[in-house]
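A.B. asks: Pasting in a structure now, in structure tokens, and then I'll have a few things to ask.
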Amino acid sequence: MLELRSILIKNAEIRSKTGSKMSKTYYLFAENIQTDSPQSLFDPVFWQAQQAILGSAKGRGITYFLNTKDRWGVNCALRHYYRGGLFGKLVKDHFLFSGINQCRSIKEFNLLQQLKQKNLPVPKPIAARVIRSGCYYQADILIELIENGQDLVAILQKHPLEHDVWRNIGKLIRQLHDQQVFHSDLNAHNILLQSLENQKDKLWLLDFDKCDFQSGDNWKQENLQRLQRSFQKEVKRYHIHFNENNWQQLLNGYKE
């Protein structure tokens with residue numbers, strides 16, 4: 001079982017290949033993660049050499065699914081951070097550095113750690129890396145891989161969900177909102193339903209990049225509406241099993 005306290009950021013300075021410019025690499029690990037070669041943990045070539053790549057998924061980049069259960073007790077997903085939108089076509093994976101605690105991988109690691117401590121169903125953070133070069137940085141993260149799970153879009157393309165599942169989705173979002181967590185990309189792809197042997201299926205929330213705690217309540221209704229628009233969008237794209245009654249069941253769960 002992974003401990004949730006994190007090791008303080010490890011720091012290593014390396015000389016850049018471009019002249020005399022110095023770059024600095026920061027690492028953040030869950031407490032029980034030990035390695036003499038931290039950079040290798042974020043290198044797909046290393047995992048390929050270990051025959052430890054279970055699979056991959058393609059989004060803005062490739063997320064690798066890694067066989068790490070013997071090492072750390074859970075399998076992992078390795079993700080590099082990329083920019084989206086039009087600007088991302090020009091600047092693929094470099095971000096403005098404004099302090100180590102503001103870097104995307106560090107923020108996501110720390111937020112996941114806090115949410116685990118609050119018993120929210122989110123993946124365990126395993127390790128994070130930041131490579132700083134001058135005013136910019138690149139970032140990577142290793143998180144727990146939720147196995148035997150499918151996102152709601154994949155499931156709803158095949159069959160509808162029971163009313164109690166929709167209510168439980170609403171309860172899950174309410175649980176998140178009660179902790180004042182703003183999920184900036186709350187959509188049907190980022191809610192996962194995991195099949196468990198001899199147990200009730202479990203819901204998980206994924207992808208906490210650019211998410212944070214937010215005070216007040218005014219944003220919560222818009223956050224719900226964002227999720228509703230996501231389902232409506234997937235009806236048009238993939239003809240998923242979703243209707244207004246399903247949404248009402250979700251809202252009923254949210255209000256319970």
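The values are calculated or read from the model by the stated rules, or taken from the named source; none is laboratory data. Small disclaimer: the values here were computed from a predicted structure and weren't measured. Neighbour counts run over all protein chains shown; Cβ positions are idealised from the backbone, glycine included.
A.B. asks: Considering only region 165-218, how many residues are within 17 Å of Ile155 (Cβ to Cβ), charged (D, E, K, R) and either assigned by TED's automatic domain parsing to the domain that holds Leu78 or in contact with a Ser or Thr (Cβ under 8 Å, 6 or more places away or on another chain) (or both)?
C.D. replies: Number of matching residues: 1.
A.B. asks: Hey, can you tell me all the residues within region 50-88 that are in contact with a helix residue (DSSP H, G or I) (Cβ under 9 Å, 6 or more places away or on another chain), aliphatic (A, V, I, L, M) and modelled with pLDDT of 95 or more?
C.D. replies: Ala52, Ile53, Leu66, Leu78
A.B. asks: Among the residues in region 30-46, are any modelled with pLDDT of 95 or more, crowded, with 18+ Cβ neighbours inside 10 Å, not assigned by TED's automatic domain parsing to the domain that holds Gln214 and not polar (S, T, N, Q)?
C.D. replies: Yes: region 30-46 contains one or more residues that are modelled with pLDDT of 95 or more, crowded, with 18+ Cβ neighbours inside 10 Å, not assigned by TED's automatic domain parsing to the domain that holds Gln214 and not polar (S, T, N, Q).
A.B. asks: Further, regarding this structure: Scan region 139-194 residue by residue and report those that are without any contact (Cβ under 8 Å) to a residue 60 or more places away in the chain and assigned to a strand (DSSP E or B).
C.D. replies: Answer for region 139-194, where residues must be without any contact (Cβ under 8 Å) to a residue 60 or more places away in the chain and assigned to a strand (DSSP E or B): Ala139, Gly149, Gln150, Asp151, Phe182, Ile191, Leu192, Leu193, Gln194.
A.B. asks: What tally of residues in region 1-24 results from selecting those that are in contact with an Asp or Glu (Cβ under 8 Å, 6 or more places away or on another chain) and either part of a strand (DSSP E or B) or modelled with pLDDT of 85 or more (or both)?
C.D. replies: Going through region 1-24 one residue at a time, the tally reaches 5.
A.B. asks: Residues in region 30-79 that are touching a Gly at 6+ places or on another chain (Cβ under 9 Å) and in contact (Cβ under 8 Å) with a residue 60 or more places away in the chain: how many?
C.D. replies: Total satisfying the criteria: 2.
A.B. asks: Checking the conditions here, which among Leu186, Leu250 is surrounded by 15 or more Cβ atoms within 10 Å (Cβ to Cβ) and in contact with a Gly (Cβ under 8 Å, 6 or more places away or on another chain)?
C.D. replies: Going through Leu186, Leu250 in turn, the sole match is Leu250.
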